[in-house]
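A short write-up of the structure that comes next.
The values are calculated or read from the model by the stated rules, or taken from the named source; none is laboratory data. All of these numbers come straight from a predicted model, not from anything done at the bench. Because the Cβ atoms are built from the backbone with ideal geometry, glycine has one as well, and the counts that use them run over all protein chains shown.
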Amino acid sequence: MNELNEAQDSMAEGEQVSLRARRDSLLAQKNALDSGIDALTTDNYKVERQTKELEIQLIDKTKKLRKLSEKAADLKRALLKPIADESGLLAEVDFLQEEKAVLVAAYNKISEELGGHISNLGNTILGIDFTKGEIAALKNKVTMIEYEVPQKFDELDYLIEKIEWTSKALTNLFGAMKAVEKTTKLSYYKKG
C-alpha cells in the first residue's frame with residue numbers, strides 16, 4: 001500500500017506539476033494576450049489619432065479646395081470679359097477688313113471713272129481750244145476784210161458774200177461749240 005500510495009502521490013504530484021505547467025502556460029498565454037491586447041489598444045489609439053489627424057487634414061484640404069475653387073471661379077469670371085472683348089474686337093477687325101476691301105474696290109472703280117472723265121474733259125478742252133482758234137482766225141479775217149472794204153468798193157459783192165459766208169461759218173462754229181459743250185456736259189453728268 002505504501003507503494004500504491006507512493007504511486008498515487010507520485011501521480012498526484014505529476015498531475016500537480018502538469019497542472020502547474022498548464023496553469024503557468026495558460027498564465028503566460030494570458031499575459032501574452034493581455035500584452036497583445038495592450039499593444040492592439042495602443043495601436044488602435046495611434047490609428048484613431050492618425051485618423052483624426054487625417055480627418056483634420058482632409059477638412060483643411062477641403063477648405064483649401066473650396067477656396068481654390070472659388071478663386072478659380074472668380075478668375076474664370078474675370079477672364080470672361082477680356083475673352084468676350086477679344087472676340088468682339090476680332091469680329092470688328094474682320095468687319096473692318098471687309099469694309100476696307102469694299103472701299104478699295106469702290107475707290108478703284110471711281111478712280112477709273114475719273115480717269116475717263118478727265119480724258120473726256122481733256123478732249124473737250126482741246127476741241128474748245130481748236131474752236132477758239134478757228135473763231136480767232138475768222139475774227140482776224142473779218143477785221144482784215146473790214147480794213148479792206150473802203151479800199152475795195154469794186155469787190156463789194158464779193159466782200160458781202162465773204163462776210164455772209166464768214167457769218168455762217170461763225171454761226172456754225174458757234175453752234176458746233178455749243179454742241180461740244182452740251183455733249184461734254186451730258187457725258188460728264190451721265191458718268192458722274
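Between Val142, Val102, Val93, which is free of Cβ contacts under 8 Å to residues at least 60 places away in the same chain, closer than 30 Å to Lys185 by Cβ and in a helix (DSSP H, G or I)? Checking each option against the conditions leaves just Val142. One residue is enough: does the range 146-159 have a residue meeting the conditions surrounded by 14 or more Cβ atoms within 10 Å (Cβ to Cβ), at pLDDT 80 or above and in a helix (DSSP H, G or I)? Looking through the range 146-159, none of the residues is surrounded by 14 or more Cβ atoms within 10 Å (Cβ to Cβ), at pLDDT 80 or above and in a helix (DSSP H, G or I).
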